[in-house]
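Below is one structure, written out as structure tokens; the observations come after it.
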Amino acid sequence: MIASIIMNAYRGRTVFRSSRWMVVATAVAAVLFISAASFLLYRDGFTVWALVLAGLALAAILGVVETLVQRIVLTDAALRVRGLRGYAEYRRSEIVRVSYAKGSPVVVQLKDGQNVRLPDLGISAQAITNSIRAWAKASVQAGHHPEHNFEQGRG
């Protein structure tokens, strides 16, 4: 019975992915760079500008893949962050504070003093921050981490 209360305590959004506009913008940039590089390679051969555009096209393709892969997931026990460069998991009991500033990504402060920047997903930093706060608060109310002393950071 207690397990079901803990699992169902937070009913808000639990998965945050890159917004559609961010995926579309990176895809459009990739198509433009690929087109420009292809045109210059066809017309002029291997010139410096063609190689630069080919490099930018490759970077844009990696950007598209990253926007499709990166996400923030709130599970029953942890905050999980996945991106192109790896995967990280932070237990709910390790999180002390979550904050944001206008124009900046969400920052999670851990008990050991480490500040972790969450990926910018093209979603409101305030919305992500509020969801993480509600998730942590629901955990404390459900008795999941009674020793948890969660602070709310103001942006």
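Each reported figure results from applying straightforward, stated rules to the coordinates on display, with no laboratory input. The structure presented is a predicted model; accordingly, all values stated were derived computationally and were not measured. Here the Cβ is made from the backbone with ideal geometry for all residues, glycine too, and neighbour counts use every protein chain on show.
Laid out as a table, the results:
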{"item": "Cα-derived Rg to Rh of the stretch 21-67, Kirkwood definition", "result": "1.05"}
{"item": "Principal axis box of the stretch 49-96, alpha-carbon based, largest edge first, Å", "result": "51, 17, 13"}
{"item": "Full-stretch length increase - residue 137, residue 58 - with 0.36 nm per residue and alpha-carbon distance subtracted", "result": "24.2 nm"}
{"item": "Neighbour net charge for residue 90 - beta-carbon separation under 13 angstrom, K R +1, D E -1", "result": "+4"}
{"item": "FRET efficiency, 1/(1 + (r/R0)^6) with R0 41 Å, evaluated for residue 69 and residue 35 via beta carbons", "result": "0.95"}
{"item": "Separation of the residue 126 and residue 43 label points, Cα + 7 Å toward Cβ, nm", "result": "4.6"}
{"item": "Relative packing of peptides 86-92, 70-76 - highest average C-beta neighbours within 10 Å first", "result": "70-76, 86-92"}
